[in-house]
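The values are calculated or read from the model by the stated rules, or taken from the named source; none is laboratory data. Bear in mind that the values here come from a model prediction, so they are computed numbers and not experimental data. Here the Cβ is made from the backbone with ideal geometry for all residues, glycine too, and neighbour counts use every protein chain on show. Note: areas computed on protein heavy atoms with side chains; ligands, DNA, RNA excluded. Shrake-Rupley method; radii C 1.70, N 1.55, O 1.52, S 1.80 Å.
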Amino acid sequence: MSPSVTLDRIPPGRSVRIEDVEGDDPIARRLDDLGLRSGVRISVVRRAPLGDPTVFELCGYQLCLRRSESARVRVANATDGRGDADRPIGEATDAP
Amino acid sequence: MTTIAAHEPGSTPAVGEAPVFGLLGSPNAGKTTLFNALTGLRARVGNYPGVTVERREAALDLDGRRATLIDLPGTYGLAPISADEAVVEHVLAGRIEGVARPDALVLVADACSLPRSLPFLGDALRLERPSIVVLTMLDELVARGGTVDLPRLEAALGVPVVGVVGHRGRGLDRLRALLARPEDWTRPAILPPADRRERAGWAESIAEAVVTRPPERHDLTARVDRIVLHPVWGGLLFVAVMVAFFQLIFSWAGPAMDAIDAVVSSLAELARAELPSGWMADLVADGLIAGVGSVVIFLPQIVILFSLLYLLEDLGYMARAAFVIDRLMGRIGLEGRSFVALLSSYACAVPGIMATRTIPSPRDRLVTILVAPLMTCSARLPVYALLISAFVPARAVWGPIGLQGLVLLALYVGGALAALVVAAVLKRTLVRGDGLPFTMELPTYRWPTFRVWATQVYESAWAFLRRAGTIILAASIALWFLLNFPRVEAPPDLDPSAARAYALEHSVAGRLGHAIEPVIAPLGFDWKIGVGLIASQAAREVIVATLAQIYATEDDAQDSLRAALRADVDPRTGAKVFTPATVASLLVFFVFALQCASTLAIMRRETNSWRWPAFAFAYLLAVAWGASFLTHRLVGALVGPDWLS
């Protein structure tokens, strides 16, 4: 397994794969509803001028989350991100 | 249409002769655009009982077959995480009185983000009601170079799938034809898995099979956002847009409001000339016509506000504006989208409160509604202008900055600070968060369509007239009666303006003014100010005309009113009525008190109960009384009564 970090630590321009969303409370379920599920590729697009929230891109759309929510999302910190924020988005998974 | 293996009869409820369709989908899936495109302007708009969630339904005529379409509140999943979200669950179960249980479901999903929505679609199919799937935003999918294999999606889900472009009306004929025959809809041969993880796997495999080319990032949006969301330019653009937005409401609405005012007063004069003189003529002229005028006067602001608001929203900028300002609003427990509503309230709380509809969290929306009256609306300006020009010396403090301007600025800032403090307090006490995380989609930029935009503006204006206008009209007429009855004959030796002052003192409102004097005396107010406060319940600026009537001066000669206010003495003590302490106290009272029947009416309409307007009125009155009392004491101790003379 690659070492994992939380999504709020990933700088803009990077693209990573989601490993897990912490917890099983309503907020975790809502994040799941929004597409933040394990295996999904997510790009960090940019932070707001005041530093929070951040725009992410996943499943073919852009979503704003505050740090308090993105800190619950564990992502793979492998180098497979390669900063490839410009690749096609919308793929639910990478090949295993 | 692909035919799927026949479903076992009896396992799904039959659809009635006049089917009820529920439109189910996530907030930005284009549900409401689709609803409007299908129903035109026939929607009945209301609220679900007990919550501030809007309820919309409309009758549909499908080739002679009658049907009902219910636009369910947008939701990301069927497991509700707040009381307000539970509305969807309750409607689907038929548990809400007066709302028919949907026999069949129209599941709406954005074609570009289909992989996200598939688990939700799977969940909805597990409800085992006849369903179809409508994929929206096909134009955007194509523009971004994406393709979705609709026949394959139809085969995988087991229900009919239609692609539409709601705002252009494409695909609607096929959808209408399908809606006319819900009995013929195919049903899934196998239901999607119930377990969350298994369902995610099910969704993933379908997404892989049907999303033949995932859409690229929207190129124009990415390029525009590099400027619009830029750390420096984005912030500056936000300020510029908000200043322009506010300025346009003020400067464009002004002439229209003056014109309405002129028409209303000439109509009132006409009525007075045509009707035999007496109280009936007064009622028609000053009660009825002026009452209708007090409703219509809001229309320019409402139409302009919503024209701009929906233009920015349809373009895709509103979400960006909220994104830029979210961090600051987050500090007081609200979110970016509350900002625009509060800013609009500077012009008038009525359109400001209506603008809270863009806030998805009902709790945040409620708090924004409750503090909106604290923003200094334009109706306070005539009151501030009268008192400041009469009592604050026009002397320079520093360079071109005068004392009068500083006092006015302090009143504006005071209102805004109070709104922020109250919002923070309410979010920590009475209206705690509903556990909803802040999540907001950034839509791609698109040119607004005139029809969609015009429909939204028209619906807002019409909703105001029908739902709040009637209450405002009734309140104005009731206040007219208070100010004019009982009619007491004035002694014959009085001149006309003194006779009008005499009549007012002996009206119900005049007597009420005397009755509340003990309560307002600690604030430095006498009965005459009391009558003004009662009359200003119709609208804040009415206190100016009422004081003019009490002091028996001409309405439009403010110089004489100012002189009369300055000269007035208490008949018992011989002391000045308007001391610095009293003037300061009255100004502070107007910063806080909710003296506006129209705001109460629109609060009632937006929160669907009298509970919240009553709460807002009570808390703001208590704050106003307390703050005025302290101000009166403080200013009285700091400056002597002769400071002004």
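Couplings 3J(HN,Hα) for the stretch B:135-144, derived from phi with the Karplus relation 6.51 cos²θ - 1.76 cosθ + 1.60 (θ = phi - 60°), are 9, 9, 6, 4, 5, 5, 4, 5, 4, 8 Hz, where x marks Gly and Pro.
Phi angles of the stretch B:231-245 translate, via the Karplus equation with coefficients 6.51, -1.76, 1.60 and θ = phi - 60°, into HN-Hα couplings of x, 9, 4, x, x, 5, 4, 4, 4, 4, 5, 5, 5, 5, 4 Hz per residue; Gly and Pro are given as x.
Taking amide H as placed 1.01 Å from N in the peptide plane, the amide H of B:Asp110 sits under 5 Å from that of B:Thr136, each at least 5 places away or on another chain.
May I ask you to list the trypsin sites (Lys or Arg not before Pro) in the stretch B:468-527 that are in a DSSP loop and have at most 14 other Cβ atoms within 10 Å of their Cβ? The partial results should precede the final answer.
Values: sites: B:Arg487, B:Arg500, B:Arg511; in loops: B:Arg487.
The qualifying sites are B:Arg487.
Centre-to-centre, using Cα atoms only, the stretch B:421-454 and the stretch B:74-96 are separated by 18 Å.
Under a point-charge model restricted to the Cβ atoms of Lys and Arg (+1) and Asp and Glu (-1), what is the dipole moment magnitude of the protein assembly as shown relative to its Cα centre, in debye to the nearest 20? Please list the in-between numbers first.
Working: 72 positive and 74 negative charges, 219 e Å.
Dipole size: approximately 1040 debye.
Estimated from the Cβ-Cβ distance and a Förster radius of 60 angstrom, the FRET efficiency linking B:Val263 and B:Glu128 is about 0.55.
Volume per residue of the convex hull around the Cα atoms, evaluated for the stretch A:5-79, comes out as 77 Å³.
Send over a whole-number figure in Å² for the accessible area per residue of the stretch A:5-79, probe 1.4 Å.
32 Å²
At what distance in angstrom do the alpha carbon centres of the stretch B:473-491 and the stretch B:166-235 lie from each other? Distance between centres, Cα-based: 60 Å.
What the phi angles of the stretch B:285-301 give under the Karplus curve with 6.51, -1.76 and 1.60, with θ = phi - 60°, is a coupling list of 6, 8, x, 6, 5, 5, x, 4, x, 6, 8, 5, 4, 7, 4, x, 4 Hz, glycine and proline written as x. Taking square-rooted eigenvalues a ≥ b ≥ c of the alpha carbon gyration tensor, is the stretch B:502-573 rounded, prolate or oblate, where a/c under 1.5 means rounded and, failing that, a/b exceeding b/c means prolate? Oblate is the answer for the stretch B:502-573, as a/c is 1.5 or above yet b/c matches or exceeds a/b.
Would you mind getting me the FRET efficiency between B:Ala209 and B:Arg174? Use the beta-carbon distance for r and R0 = 22 Å, nearest 0.05.
Numbers: r = 23 Å, r/R0 = 1.03.
For R0 = 22 Å, the calculated efficiency reads 0.45.
Checking an interface number: how much accessible area is buried between A and B, summed over both chains, with a 1.4 Å probe, in Å² rounded to 100? Accessible area lost upon association: around 3700 Å². A dipole drawn for chain B from +1 and -1 charges on Cβ atoms has a positive end, and of B:Ala385, B:Ala349, B:Ala79 the residue lying farthest that way is B:Ala79. When Rg and Dmax are taken over the Cα atoms of chain B, they come to 29.2, 96 Å.
What separates the Cα centres of the stretch B:533-604 and the stretch B:107-126 is a distance of 59 Å. Taking amide H as placed 1.01 Å from N in the peptide plane, the amide H of A:Gln62 sits under 5 Å from that of B:Leu442, each at least 5 places away or on another chain.
Amide H to amide H distances under 5 Å link B:Val45 with no residue, where only residues 5 or more positions off or on other chains count and H is placed in the peptide plane.
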